[in-house]
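To start, the structure under review is shown below, and the notes come after it.
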Amino acid sequence: MTSIHLLDNAIDAAKSTPDKQVTCAFNSLHETKEISVRNSTNKKLDVNKMFELGASTKGSQRGFGLSNVQQLVDKQKNFFLDVDSKNDRVIITLTILEEE
């Protein structure tokens, strides 16, 4: 479900940009799995607030998807979330370490 929220938000954000670009990568190395979603954006993002419940650039009654992702990550000791926002691109990477 987490990857669906990340992709859904990336697609919505990219729709309003000139190049409408979304890239998704799934990586696996040893006991580590990664899902990385990169999208174009035309809005300045506050990466400290984008995962808060109700935070949305699309208006009211929105902002649940990324909040759900953050809640899931917070509940799992082996899940890690990284956000990189530069210029007109956002990259969100979910890393999952296999439990021993």
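The values are calculated or read from the model by the stated rules, or taken from the named source; none is laboratory data. Note that the coordinates shown come from a computational prediction; the quantities given were computed from them, not determined experimentally. Neighbour counts are summed over all protein chains in view; Cβ atoms, including those assigned to glycine, are modelled from backbone coordinates with ideal geometry. Side chains are part of the model used for accessible areas, which takes the heavy atoms of the whole protein and leaves out ligands, DNA and RNA. Shrake-Rupley method; radii C 1.70, N 1.55, O 1.52, S 1.80 Å.
Within region 72-81, can you find the residues that are within 15 Å of N9 (Cβ to Cβ) and out of contact with any helix residue (DSSP H, G or I) (no Cβ under 7 Å at 6 or more places or on another chain)?
Taking region 72-81 and keeping what is within 15 Å of N9 (Cβ to Cβ), we get 72-73, 81.
Result: V73, single match.
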Name the residue, out of E34, E99, that is open to solvent by 60 Å² or more (accessible area, probe 1.4 Å) and at pLDDT 90 or above. E34
Just to be sure I understand the filter: pairs with C-beta atoms under 6 Å, separated by 6 or more residues or on different chains, first member in region 74-87 and closer than 25 Å to S40 by Cα, second member among the β-branched types (V, I, T) and part of a loop (DSSP other than H, G, I, E, B). Which pairs pass? V83/V47; S85/V47
